[in-house]
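Please treat every number below as a calculation from the coordinates, not as lab data. Since the model is a prediction, treat every value here as computed from it, not as a measurement.
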Amino acid sequence: MTHPANEERIERAAMALCGYHDEPQADLGDLLADLRHWAAENDVDFSYAVELSEMHFECERGDGDDIEQSHRALREQENV
């Protein structure tokens, strides 16, 4: 599977923020709150998703291990 370049990730994030029209920090906060509502409605663990996003961000920046290895490490932490 081909993963998008960081420029593509940034563009997707910008598109997600198009529906908000305040200032960038407030818009991001509003989007995150809306995603929390979506997660609650769809029985998705938002906190877990945030942890995954932190690992993905580090891996995609080149500062961490590969994403699959990070997922395994997070699952192991949950089983401790």
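The table below gives the values:
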read-out: Extension gain, Arg61 back to Trp38 (0.36 nm per residue minus Cα-Cα distance, nm); value: 5.6 nm
read-out: Table column - 3J(HN,Hα) (Hz), region 42-47, Karplus curve with 6.51, -1.76, 1.60, x for Gly and Pro; value: 9, 6, 10, 6, 5, 4
